[in-house]
Structures are given as structure tokens and as C-alpha cells.
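The values are calculated or read from the model by the stated rules, or taken from the named source; none is laboratory data. Every value quoted in this text rests on a predicted model; they were computed, and no experiment measured them. Methodologically, a virtual Cβ is constructed for each residue, glycine included, from the backbone with ideal geometry; neighbour enumeration extends over all protein chains shown.
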Amino acid sequence: MSYSIVEKRDMVHQVHLMKVLAPDVARAAKPGQFVIIRIDEQSERIPLTIADCNVTDGSVTIIFQEMGKTTKQLATLKGGEELQDFVGPLGTPSEIDKLGTVVLVGGGVGVAPSYPQAKAYKEAGNKVITIIGARSENLLILEEEMRAVSDELIVCTDDGTKGHHGFVTDVLQKLLQSGEHVDRVVAIGPPIMMRAVAGVTKPFGTQTIVSLNPIMIDGTGMCGGCRVSVDGKTKFACVDGPEFDAHKVDFNLLMNRLAVYRDEEGISMKRHECTCGGEQ
Ligand SMILES: Cc1cc2nc3c(=O)[nH]c(=O)nc-3n(C[C@H](O)[C@H](O)[C@H](O)COP(=O)(O)OP(=O)(O)OC[C@H]3O[C@@H](n4cnc5c(N)ncnc54)[C@H](O)[C@@H]3O)c2cc1C
Ligand code: FES
């Protein structure tokens, strides 16, 4: 079975949106879940979060950043082409309750997985404050979509080209210090950002959820590739997560394990550049 790409569009530099026809996934997907895709028989499997889905037309949206061989190859595909595998929805869905005030913090391409969560928390009757960040204005994604599902949206850029000049954690710290009662913080982005968010919220005792992105292979709890340590216990992010209590995650272990295959990833990328002549 193969899955048709119904739309592919470039969002910002090296970040792309792809809509794939997968009606079974669209029907079953809940916020916080992901798919594992394979481009063709020869490709590796990679996990990507379900950014949106449409039950009416059966499409599932993924938003991905070019990181290495597979995501760069994915970026070359166009509407009308096909993916070999599109397995999902995988992972435990987010627990979306009516809590009061929920702050969503999204960094870089992590804004994409934050979007279905912001939408769901809003629909559940929460006040939703969203803080999104990127290195620069031209790398910000989903600003208007996020604004539409948030009571308040704060934009941050590392270089000050838009919104707050600085990190999402500066804004979160100020918000918590201002006395705003926050019932839950949900942070999705690079591990270093999620670790920093956990550090900011801990002294305030604010419940904080992060969505972890370890290396995943089968996505079914069988291979152990996505092993993480939470509260000193081993968990498999593909089935026990990917969301966990940020204050209990061993982020250093996560970051070390993400770097384990860096040499092999570099070799694979070089081979890919040689075979496609570096053209995208
Ligand atoms: C649950 C989950 C959801 C994710 N959702 C998104 C998303 O919505 N958008 C997005 O852009 N990225 C997402 N990622 C990260 C994405 O899977 C990796 O960027 C991708 O696998 C990189 O593959 P590559 O061959 O292009 O790069 P490589 O050169 O192979 O690797 C670059 C880096 O990507 C990570 N990576 C590599 N292989 C895997 C793998 N099999 N599983 C996980 N991480 C890997 C490692 O940190 C590695 O150092 C998600 C990861 C997880 C675990
Ligand atoms: S990806 Fe294999 S156990 Fe989670």
C-alpha cells in the first residue's frame, strides 16, 4: 500500500508542510500522536508528529525540518507523488482537560506539534497563552494559525527581528513572575529548550509537560531505540510517551542518545549528496 501526497509546500527555509492521504490515520488521530513514515523500500523509518488532520478529505498534515538524509529526500517530493509507509497514529495521546490556563511553548519546528494541542486545549475551554520562538522572523511558522486558537500569542526571536528579542523562556519566566496563575505548561521544541523550560517552571511548581524526540525505529515498544529515563525509570517514548513530566526527564541522557549516530548520519548525508549531486 502507498500513500498519496496531496499537497507539499515550503513554509520557511528548510521547513515544509506535506498533506498525505491517509483516511484511517486522520479518523483515529488525537493531539500528541505521531506517524512513522518511509519514503520507499530503501528508506529508513522516521517519526513525524501529526500537525493536523481532516476527517472529511482523509488528509493528515506533517510539518518537517530538513535535518539529514531522509528529511532532505522527503523535501524533494511533490504533490502527486507517494510515500511507501505512513504508519499511525502512534504514541499516547495528550491528556487534554479543562484546567484553567494552559501555556503552550513552541520552539522552531516544535511550533507544528504545539498547534493541535493549542487547538484542543482551547476547545476544552481553557485560556490558552502561546509563546512561539524561532532564531529569526523568517523562520517563524504557523503564527496566524496559532493566533487563531490562542487567547494570547507572544512571538520571540533570538535576533530580535520580530516580537520579544530573546528566548521563549525569558517570556515564560516573566509571565510566571507576574503572578498569572498557570495550571499547565506544555513545551515542544529542541531538547535544550525543553530542558530550559523545565528549569524555569520548577521553582514555581507549575506542572510541565514535554514531548520527547528520541531516535525511534519501530515505534511499537519492541526495539528499545527510544529509551528515555523519567523519574529514574526506563520508558519507551513511542508507547509510554512521547509526552512526559518535564521535571522528571533526564534531558542529558536524551541529548547524549540523540548524538549516538552522528558519524553514521554524516556519512549517509554525504552519500545522499553524492548520488543526487547535492541538488534538492
Ligand atoms: C515522536 C517524534 C516526533 C517528531 N516530530 C517531528 C516533526 O513533527 N517535525 C520534524 O521536523 N521532526 C520531528 N521529529 C524529528 C525527526 O524524526 C528527525 O528530524 C528525523 O528523523 C531526522 O532524520 P534525517 O535522516 O533527516 O536526519 P539524520 O541525519 O538521520 O539525523 C539528524 C538528527 O535527527 C534525529 N534523528 C535521526 N533519526 C531519527 C529517528 N529515526 N527518530 C527520531 N529522531 C531521529 C537525531 O537527533 C539526529 O541527530 C520527531 C521525532 C520524534 C521522536
Ligand atoms: S521506537 Fe522502538 S521501542 Fe520505541
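Give all pairs with beta carbons closer than 7 Å in which a residue from the stretch 1-14 that is closer than 12 Å to VAL60 by Cα meets a residue that is part of a strand (DSSP E or B) and charged (D, E, K, R); count only pairs at least 6 apart in sequence or on separate chains.
TYR3/GLU82; SER4/GLU82; ILE5/GLU82; VAL6/LYS19; GLU7/LYS19
Considering the stretch 146-164 alone, what residues qualify as being under 30 Å from ALA259 (Cα atoms) and touching a strand residue (DSSP E or B) at 6+ places or on another chain (Cβ under 7 Å)?
VAL155, CYS156, THR157
Whether any residue in the stretch 77-84 is of a type outside the set (Val, Ile, Thr), assigned by TED's automatic domain parsing to the domain that holds GLY189 and farther than 30 Å from ARG135 by Cβ is what I want to check.
There is no residue in the stretch 77-84 that is of a type outside the set (Val, Ile, Thr), assigned by TED's automatic domain parsing to the domain that holds GLY189 and farther than 30 Å from ARG135 by Cβ.
Answer yes or no as to whether ILE96 is outside any loop (DSSP other than H, G, I, E, B) and in contact with a helix residue (DSSP H, G or I) (Cβ under 9 Å, 6 or more places away or on another chain).
No; evaluated as a whole, the condition is false for this residue.
Would you kindly identify the helices (runs of 4 or more DSSP H) lying entirely within the stretch 107-205 that contain at least 2 residues that are surrounded by 24 or more Cβ atoms within 10 Å (Cβ to Cβ)?
Ranges flagged: 111-123, 168-177, 191-201.
Is the stretch 214-225 home to any residue that is hydrophobic (A, V, I, L, M, F, W, C), within 10 Å of ligand 2 (Cβ to nearest atom) and part of a strand (DSSP E or B)?
Checked against the condition, which is being hydrophobic (A, V, I, L, M, F, W, C), within 10 Å of ligand 2 (Cβ to nearest atom) and part of a strand (DSSP E or B), the stretch 214-225 yields no hits at all.
With the requirement that a residue be over 14 Å from the mean Cα position of the chain (by Cα) and at positive phi, what does the stretch 27-71 give you?
Result: GLY58, single match.
For GLY88, indicate whether it is more than 14 Å from HIS16 (Cα to Cα), touching a helix residue (DSSP H, G or I) at 6+ places or on another chain (Cβ under 6 Å) and within 16 Å of ligand 2 (Cβ to nearest atom).
Spelling it out, GLY88 is indeed more than 14 Å from HIS16 (Cα to Cα), touching a helix residue (DSSP H, G or I) at 6+ places or on another chain (Cβ under 6 Å) and within 16 Å of ligand 2 (Cβ to nearest atom).
Kindly indicate whether any position in the stretch 236-250 is among the small types (Gly, Ala, Ser), within 12 Å of ligand 1 (Cβ to nearest atom) and not assigned by TED's automatic domain parsing to the domain that holds THR49.
Yes, the stretch 236-250 contains at least one residue that is among the small types (Gly, Ala, Ser), within 12 Å of ligand 1 (Cβ to nearest atom) and not assigned by TED's automatic domain parsing to the domain that holds THR49.
Give the stretch 59-85 a look and list any residue that's touching a helix residue (DSSP H, G or I) at 6+ places or on another chain (Cβ under 7 Å) and within 26 Å of GLU243 (Cα to Cα), or say none.
SER59, VAL60, ILE63, PHE64, GLN65, GLU66, GLY68
Which residues, counting only those in the stretch 78-93, are within 13 Å of ligand 1 (Cβ to nearest atom) and either assigned to a loop (DSSP other than H, G, I, E, B) or within 23 Å of VAL200 (Cβ to Cβ) (or both)?
GLY91, THR92, PRO93
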